[in-house]
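Below you'll find the structure, written out as structure tokens, and then a few comments.
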Amino acid sequence: MLRKAHAHSPRSGRPSGKANSGRTKSRPDVPAELILILGLGLVLLVPILLDINPGIVAFVAAFVAGTVVLDLPAAQILAGFPGGMFVMLTGITLMLAIAHENGTVDWIVSRLVALARGRLALLPWVLFATALLTATLGPGAAPVLFVIGVGFVTRYGLNPLLLAAMTIHGTQAGAYSPIAPYGLVITELTQISGIAHSPILLYAGVVLFHVALAGLIFVLLGGRRLIGVNVADAKAAGPALNSTDIDREVAPRRIRLDQALTLTGFLALALGLLIFSINIGLLAMSIALVLLLTTSREGRQTVVTRVAWPIVLVVCGVLTYVNLLQQAGATEWLAVQANTLGSPLLVGLILCFIVSIVTGVASTMGTIGILVPLAAPFLLAGDLQATPLLTAMSISAAVSDISPFSTWGAMFLATASQFLNRNEMFLAQLKYTLWMVALVPVVVWLIFVVPGW
């Protein structure tokens, strides 16, 4: 529907009826796409300055932009409400709350610590390696790893941003495998567009870059302080630990029936996602319902109150606005503006920035859908080489998914905010994302696009 409104006046983005008024002619013709992009900046900036939930600001911005700029009815504006994301966040956080309530997370954490022989420095790498492996084979196991990562934070005082980054970067690196969703989509789109590229080289480039990035992040976010530290030394980091707790880390207690049922639920979630491609939100909600039936009445009430409703509001509001922006053609408009610069190398850099910014406020899968179409004109003309440019754009799109507005970043924030300070974690993820968006596109452009490997 938005494309139709956009099509009335391709250059201005406004319906043609408004363009004929005398008042409109007397003002500079500002493209609707530019107005929507500036509006997105306000959606991200106003909540930080005034300490208001970004979801509320985003819903109001979508209402104002949709009615005033695009002349759309409320039903069309709300058509972009991410119902699937709402169900996914609610279902996953319900399962997480149940797992914490009955001690399943503590049991999992103690097992992994025992596997790492109590060396805390290995725990972030366990998350990265597991995320990379599972994402290489399919959609990945990030939701389950978030639960485990939060357990590491609450028990040992590890940096939550470090664990979020290691899990998300591992997941995003593996997702570009030739048999994983991102890799499959890119291959299909390149074939449709008549572009020749190497899926194996693209995947290898993405993985190698993320391994190096993970090493740098490990150092910068406090990983060096964990080297040589074991569970027995973690008393200061985790105040809940005492001598009994430490003994239990080496020899974890036997699992209870309710914990076994919860683990079975998470296993069913992973299998349903990886093998049967069942909708993760509906599956998580169904599993949560079954687990709630095995919980006491008091426990059920506690679990429901632990759902991260403020995070759900943030994600749903921002994605509603972003859907309005994307459907109005703002992303394509940016690409057209970049094309006027003339220099293919400079255009390649701008394309990397575009996909990185879009992923920071939307889902990576949605960005992958526009990645190849954005690059196609320059690849088909022979101005840039396909595999290097697509690799650089893929990395640029992946690194900003830790954003609290993007899919995995929002899910981690919803998971962690049940036990950590939500505002502090939100700002930490946002600052991290801004650094990623500012630096990584330039770095990958220099590594892949400029030499044209």
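Since every read-out is calculated from the coordinates, none of them should be taken as a lab result. Quick caveat: nothing in here was measured; it's all calculated off a predicted structure. Glycine also receives a Cβ, built like all others from the backbone with ideal geometry; neighbour counts cover every protein chain displayed.
Some points to look at:
- Ranked Trp309, Trp333, Trp435, Trp408, criterion: other C-beta atoms within 10 Å, fewest first: Trp435, Trp309, Trp333, Trp408
- Peptide ranges 119-126, 196-203, 90-97, 298-305 listed from the most packed, as the mean C-beta count within 10 angstrom indicates: 90-97, 119-126, 196-203, 298-305
- The base-10 log of I(q)/I(0) for the stretch 159-230, evaluated at q = 0.17, 0.20, 0.28 Å⁻¹, reads -0.68, -0.81, -1.17 [Debye formula, identical scatterers on Cα atoms, solvent excluded].
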